[in-house]
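To keep things clear, I will list the structure first and then write my remarks on it.
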Amino acid sequence: MQIQILASGSSGNAVFFELGNTRILIDAGISARRIERGLASIGIRAGDLDAILITHEHSDHISGVEVLARKHRLPVYARPRTWSMLGFRDKLDSDCCRELPLNLGIGQVEVVPFPISHDAVDPVGFCLYHQQMKYVIATDLGVVTPVVREAMACADAVVLEANHDLEMLNNGPYPFYLKRRIRSAVGHLSNHDAADLLTGIPRKSTMQVFLAHLSRQNNLPALAERIVCQRLSEHGCDVGNEVVIHMTYPDQISGYCR
Ligand SMILES: [Zn+2]
Ligand SMILES: [Zn+2]
C-alpha cells in the first residue's frame, strides 16, 4: 500500500492511495499536469487510476478534475448536491460523472464517505477500508463532530487537517471576515483542534498521521508538528511509535509506503 500527498493546502489538494491493486485519487485541486507528473514520479500513470473521489466543490479540491478525468476517461464520484455545483459536469462523458453513495466498492477498496462541517453544499471526508486496514481523510473541517471522531477511530493512517495556529491567524494579515470564516464551525481546524482530536480517539498500536491543509500565512509545518507532538506526549502517547507524524506541503510530495 502507499499514500502519497501530491499537494496539500489552500492552493490545492490531491491525495493518492494505492491499496492492493486499487488506485484512488481523492480530490484533484492542482493542475492535471502536476498530478500526472506527481504520479509519474512514483511510477504511476494517471490513466491507471480507478477513480477520483471529490470531498467538496471548493476550487482547491477540484481545479484539475475536468482535464484529468476527460483526458484519461476516469470515473469521478461526488455527492449529488456537490455535482450541482460543478460547472464542468456537461463537459465530461456522462459515464464519468457518478453520484457518490453512502457506501461504495472500488476495486478491492470499500469507500465510506462521512459528513463534515464546512461551508460547502455537502462536504465529506472518506474512510477507505482494505483488508484489515482503515485509512481516513479528514480536511476542511470547521469543528470535530462525533461523526468525525468515529470515522478516525482505530484508523491505520489518517490525513488530518491542521490548518492554522490560532495566534498566527488572529495576529496575521487576513481581513477580519476571513479570520472569522476560518475560525468558524464551517471553516478549518487549528493545530490544537487536530491535536485534541488525536488524543481523544481510540487508536490501534500504530497510527500514521499526515498533518494536512496547512495555511501558508497562518501556520508553519514545524509549529504544527510541535503542537501536535507535545499534546500527544502529554497524554502519554509514545510519539514516533504509537503515532507517527508526517508533514505535507503545497508543492512537494510526501508519502508513506508499506
Ligand atoms: Zn480546502
Ligand atoms: Zn474547502
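We did not get these values from a lab; they are worked out from the coordinates using the rules stated. In this text the structure is predicted, and so the values were computed from the model without any measurement. With ideal geometry, Cβ positions are generated from the backbone for all residues, glycine too; neighbour counts draw on all protein chains shown.
Quick notes on this structure:
- Farthest positive-ward along the chain dipole, Cα basis, beta-carbon charges - from Thr82, Val209, Ala185: Thr82
- Whole-Hz couplings from phi, Karplus 6.51/-1.76/1.60, listed for the stretch 150-167; x for Gly and Pro: 4, 5, 7, 4, 6, 7, 7, 8, 9, 10, 10, 5, 9, 6, 9, 8, 4, 5
- Neighbourhood charge, 12 Å Cβ-Cβ cut-off, centred on Leu19 and excluding it, Lys, Arg +1 and Asp, Glu -1: -1
- Separation of the Gln252 and Val186 label points, Cα + 7 Å toward Cβ, nm: 3.5 nm
- Proximal charge balance of Gly87 [Cβ under 15 Å; K/R count +1, D/E count -1]: +1
- The overall shape of the stretch 96-250 is oblate: from the C-alpha gyration tensor, with semi-axes ordered a ≥ b ≥ c, the ratio a/c is 1.5 or greater and a/b is no larger than b/c.
- For Thr22, the residues 5 or more places off, or on other chains, whose built amide H falls under 5 Å of its own are Gln108.
- Our coupling estimate for the stretch 228-234, obtained by passing each phi through the Karplus curve with A = 6.51, B = -1.76, C = 1.60 and θ = phi - 60°, is 5, 5, 4, 4, 5, 4, 4 Hz, Gly and Pro reported as x.
- Beta bridges per DSSP with both ends in the chain, % antiparallel, nearest 5: 55 percent
- Whether the stretch 123-198 is rounded, prolate or oblate, judged on the alpha carbon gyration tensor where a/c under 1.5 counts as rounded: prolate
- Within the shell of other residues whose beta carbon sits under 14 angstrom from the beta carbon of Tyr174, the net charge comes to +3, with Lys and Arg scored +1 and Asp and Glu -1.
- Taking amide H atoms as placed 1.01 Å from N in the peptide plane, the amide H of Leu104 lies under 5 Å from those of Val111, each 5 or more residues away in sequence or on another chain.
- Here the extension length gained between Glu150 and Lys204 equals 18.1 nm, from 0.36 nm per residue of separation less the Cα-Cα distance.
- If the segment from Leu178 to Phe88 were pulled out straight at 0.36 nm per residue, it would be longer than the present Cα-Cα gap by 29.7 nm.
- Set of lysines near Lys91 by C-alpha distance (under 28 Å), chain-local residues within fewer than 8 positions excluded: Lys71
- Selected from Asn241, Val148, Pro221, residue furthest toward positive end of dipole (the chain; charges at beta carbon): Pro221
- Dimensions of the stretch 171-258 from C-alpha coordinates, computed as largest minus smallest value along each principal axis and given longest first, are 42, 29, 20 Å.
- 5 angstrom amide H check on Ser254, placed H, neighbours 5+ away: Ile5, Tyr249
- Computed Rg/Rh of the stretch 216-258, alpha carbon atoms with Kirkwood Rh: 1.02
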